[in-house]
Amino acid sequence: MYEDLTTEEKIRLFEGQGSWNTFDAQGKVPVITMSDGPHGLRKQKESNVSNINESNLATCFPTASAIASTWNVNVLEEMGKALTLEAHSEDVNLILGPGLNIKRSPLCGRNFEYYSEDPYLAGKLASAFVNGIQESGAGACVKHFACNNQEKRRQVSSSIIDERTLHEIYLRAFEIVVKNSKPAAVMASYNKINGVYACQNKMLLTELLRKKWGYKGFVVSDWGACINPSKCLKAGLDLAMPDSHGYFSKQLTKALEDGEITEKELDNANKNVLTTAKKLNESHIDLKVDYIQQHETAVKLAEESIVLLRNRGILPVKSDRVVIIGEFAMNMRIQGAGSSHVNSKEYPNVIQALKNMGVDVFYEPDIHNAVNQVRLAAYKNIPVLFFCGLMDEAEGEGFDRKDLKLPKEQIKILKQICEITDNVVVFNTSGSPVDLSFIGKVKGLVQLYLCGEAAGEACANIIMGKANPSGHLAETFPLKIEDTPCYENFAPDSNSVPYKEGVFTGYRYYETYKVPVAYEFGKGLSYTKFEYSDLKVKLPKVSFKITNTGNYDGAEVPQVYIQNPQITDVRPVKQIRPLKELAGFDKVFLKAGETKAVEITLDDKAFCVWDTSKHDFVKIGGEYSILVGSSVKDIRLQEEVKITGPEITDIISKDELKDFFATAAYEDIHKSGEFTSEDNFIDLSKASLLVRIIKNFFCMIVRFKNRGKSRRDPSVVIALNGIKENPLESLISMSGGKVKPGFIRFLVNVANKTYIKKFTGFFKK
């Protein structure tokens, strides 16, 4: 098969054919057909590739931020299997998901596509998802490898990060999935890491991924992320997507002739792709999907994703009548914007779903028209259900949020309701944490996240008690954005993004430095109560019992944390190790009155830190506490253990992180005379009026093609930001070859004023 390829065909195989396929070499080799699919299949025709919202009908399952709240590996595996059924029916071999990036800041616009702020939880959930996909005959592609934790300037920014933080936090989830589930593909991210593009990063793609972790699949670029294909090939990239329409092939041909790349390097990349292609084609199944059954699965997954955060006796609703306020009840947000957008059928919203249950529903989006109904509800003790959340334009791929605030009008409406009654349940719809301080003394709070096409039915089932909420937060809800550990270093107006908070992401920071939060990591309530008892620790096993002491059947999420020995607990002194770290968890269903024994095996990296001298994890000696509870704060059982090993101060020092950032290579935004094709339109336009005019013309074309849509529409914002922020070179492939290499060189020369220098030099002669 491979031996029949010419050198020209081998070079051509390095890049995609069209937007979603690998090169077929005129039928000589098997093809991989790809589709976005973290929470549903987005199969697009080539003619519609520019419109992210036009794709074949598919089931929209809960987004990653929602499904992570299940803390249930069985649910993730079930979702992977369900997705694969639709992949087979659409002749898709490779599903582009899951997303494994850590939630460094709640403001990252793409957080709804990611699981958690904790790498262990993210890795275990993603591993189950990948298993579900691949055991069913398709391939999974884990992304975005690595340190892609913001959307602003995502294709030109450099994540400045120390070695320990990189391995303990931002690579750990990928390591878990690669070693345990062997995904078919790994997608290299857009950004740079310490000045080197992920797609050009040999340490990342070859030394670590292949040699240290033993990875056998293929590495694909994010769409448009391959800059300088010969550098990417040498680093370990196997496939550049999408089709560059000959641009990459010309560069690689010259690089091969000049000896910059070798035929062996090209052969290795090709074989990694073709080996996977052969395997995926052999496991492909022709089938038809039962979409009714798929939707039933979506309902079940959504029910388990919903998180109950406050309940003062108001839920489940006992009344056969409710008042619903807020447009989010009628027009429910089920997913975020971007490449993961799924085109699904319409299903009942929460209003329709409650009416289908026989509930008498009074609905009004605006409090001004509902004052009398709210007063009547207060008089008759009828619950008021208030639906709020982030608008579509607030969170999506290609842009970040500015703050944690919900729209002012929503806050104003709730305050007016609460002036009449506190018999209120707030239902918040968002893909990531928001400021919920405005809810006041309402009796109930439910975090819906983005629960997919079944959001309405699942929510109604929770409201009426047909389902018992069992979701737990996979991320912290801070009180205010200024409290977040990366607040001063997230998405700066710079090409350099310093990760100065180090390993203190999420709860690791809040718990260590005793920073109050709104709702802690791991929190989730139920309609029943659970008691923990009989803790036994025999490392690496931790066993205990859980009893359902309430009146409802329900599921609990027991969590095991390691409390690390601390050097000091004096607040101003920089700690060198988090106070607590998640090391194990489970999801346990119990009938009312039932007791079950639970045994959890701790993470194999529990008690470890990354040793920068050995470039590996090392177990640290000392007195530890094993904590078992229902959240990072709600600890029910505790036992001390002693671990033998070197002292923490022998491995790392308090000044190590500070010293790294003192000597790190920061990247400035280029000025005229320094620009290359790796810079973007925004930066070049600052140096040239002509480039600025051309940039505005390109943006005008995008707006014209999207006429009728608001400028704040996520699909418009993504397209505009892509033009303005992406490296100029990436526009060649992302435009389908319409933007030519010569035009890119022209823009760079104009911004560098090269032509002006030549022109004035001519007259000087």
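The values are calculated or read from the model by the stated rules, or taken from the named source; none is laboratory data. This structure is a prediction, so every number in the text was calculated from the model and none was measured. With ideal geometry, Cβ positions are generated from the backbone for all residues, glycine too; neighbour counts draw on all protein chains shown. Just so you know, the surface numbers come from the protein's heavy atoms only, side chains and all, with ligands and any DNA or RNA stripped out. Shrake-Rupley method; radii C 1.70, N 1.55, O 1.52, S 1.80 Å.
DSSP beta bridges in the range 133-284, what fraction antiparallel, as a percent rounded to 5?
Details: 2 of 12 bridges.
In the range 133-284, approximately 15 percent of DSSP beta bridges are antiparallel ones.
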> Taking the alpha-carbon centroid of each part, what is the distance from the range 584-610 to the range 200-259 in angstrom?
Replying inline: 40 Å
>> From the convex hull of the Cα coordinates of the range 222-314, what is the mean projected area in square nanometres?
In response: 11.5 nm²
> Once the Cα atoms of the range 389-469 are picked out, what are the Rg and Dmax in Å?
Replying inline: 13.9, 41
> Which is farthest toward the positive dipole end of the range 640-751 among I694, G645, L728, measuring Cα position about the Cα centre, with Cβ charges +1 (Lys, Arg) and -1 (Asp, Glu)?
Replying inline: I694
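For the range 300-430, which whole-number percentage of the solvent-accessible area (1.4 Å probe, protein heavy atoms only) is attributable to carbon and sulfur atoms?
Heavy-atom surface of the range 300-430 belonging to carbon and sulfur, 1.4 Å probe: 45 percent.
For the range 376-533, what mean projected area does the convex hull of the alpha carbons give, in nm²? Write out the running numbers ahead of the final one.
On the way: hull surface 50.1 nm².
With every direction weighted equally, the projected area is 12.5 nm².
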> Considering the alpha-carbon set of the range 636-765 alone, what are its Rg and its Dmax in angstrom?
Replying inline: 24.4, 85
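Counting only protein heavy atoms and using a 1.4 Å probe, what share of the accessible area of the range 647-725 belongs to carbon plus sulfur, as a whole percent? It would help to have the intermediate numbers written out before the result.
Details: 2560 of 4660 Å².
Carbon and sulfur: 55 percent of the exposed surface of the range 647-725.
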>> Please compute the alpha carbon radius of gyration of the range 464-564, then divide it by the globular-protein estimate 2.2 N^0.38 Å. Two decimals is fine.
In response: 1.43
> Semi-axes of the range 522-645's equivalent ellipsoid from the Cα gyration tensor, sqrt of 5 times each eigenvalue, largest first, rounded to whole Å?
Replying inline: 31, 15, 12
> At each listed q (0.16, 0.18, 0.19, 0.23 Å⁻¹), what is the log10 of I(q)/I(0) that the Debye formula gives for the range 187-269 modelled as equal alpha-carbon point scatterers?
Replying inline: -0.56, -0.71, -0.79, -1.13
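Structure shown: which of K250/K738; K143/K705; K231/K271; K402/K724; K81/K536 lie over 26 Å apart, alpha-carbon to alpha-carbon? It would help to have the intermediate numbers written out before the result.
On the way: K250/K738 16 Å; K143/K705 30 Å; K231/K271 18 Å; K402/K724 19 Å; K81/K536 36 Å.
Distance filter (> 26 Å) returns K143/K705; K81/K536.
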>> To the nearest 20 Debye, how big is the dipole of the range 440-517 about its Cα centre, given +1 on the beta carbon of each Lys and Arg and -1 on that of each Asp and Glu?
In response: 400 debye
>> How tilted is helix 455-464 with respect to the longest principal axis of the chain? Cα atoms for both, answer in degrees (0 to 90, nearest 10).
In response: 20 degrees
> Taking the Cα centre of each part, how many Å lie between the range 131-188 and the range 267-316?
Replying inline: 18 Å
> When we measure straight from the Cα of K500, which lysines land under 16 angstrom away, once same-chain ones fewer than 8 places off are left out?
Replying inline: K103, K574, K654, K658
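In the structure shown, do any of K415/K529; K300/K345; K192/K753; K10/K234 have a Cα-Cα gap over 23 Å, and if so which?
Values: K415/K529 31 Å; K300/K345 17 Å; K192/K753 27 Å; K10/K234 15 Å.
Violating the 23 Å limit, Cα to Cα: K415/K529; K192/K753.
Solvent-accessible area per residue for the chain at a 1.4 Å probe radius, Å²?
On the way: 29700 Å² over 765 residues.
On a per-residue basis, 39 Å².
With only Lys, Arg, Asp and Glu charged, each at its Cβ (+1 for the first two, -1 for the last two), find how big the charge dipole of the chain is about the Cα centre; round to the nearest 20 debye. All intermediate terms of the calculation are to be shown ahead of the outcome.
On the way: 97 positive and 96 negative charges, 339 e Å.
Result for the chain is approximately 1620 debye, rounded to the nearest 20.
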>> I'd like to know which of N148, Q200, V497 lies farthest towards the positive end of the charge dipole of the chain, counting +1 on Cβ of Lys and Arg and -1 on Cβ of Asp and Glu.
In response: V497
> On the first, second and third principal axes, largest extent first, how far apart are the outermost C-alpha atoms of the chain in Å?
Replying inline: 91, 65, 57
> Roughly how tilted is helix 754-764, in degrees to the nearest 10 and between 0 and 90, from the longest Cα axis of the chain?
Replying inline: 30 degrees
> Taking the Cα centre of the range 440-583 as the origin and placing charges on Cβ (Lys, Arg +1; Asp, Glu -1), which of L450, N564, V515 is farthest toward the positive end of the dipole?
Replying inline: N564
>> Using C-alpha positions alone, give me the convex hull volume of the range 512-560 per residue in cubic angstrom.
In response: 112 Å³
>> Multiplying the sequence separation of N281 and W213 by 0.36 nm and subtracting their Cα-Cα distance, what value in nm do you get?
In response: 21.9 nm
> Where Rh denotes the Kirkwood radius from the mean inverse Cα pair distance, what is Rg over Rh for the range 364-434?
Replying inline: 1.06
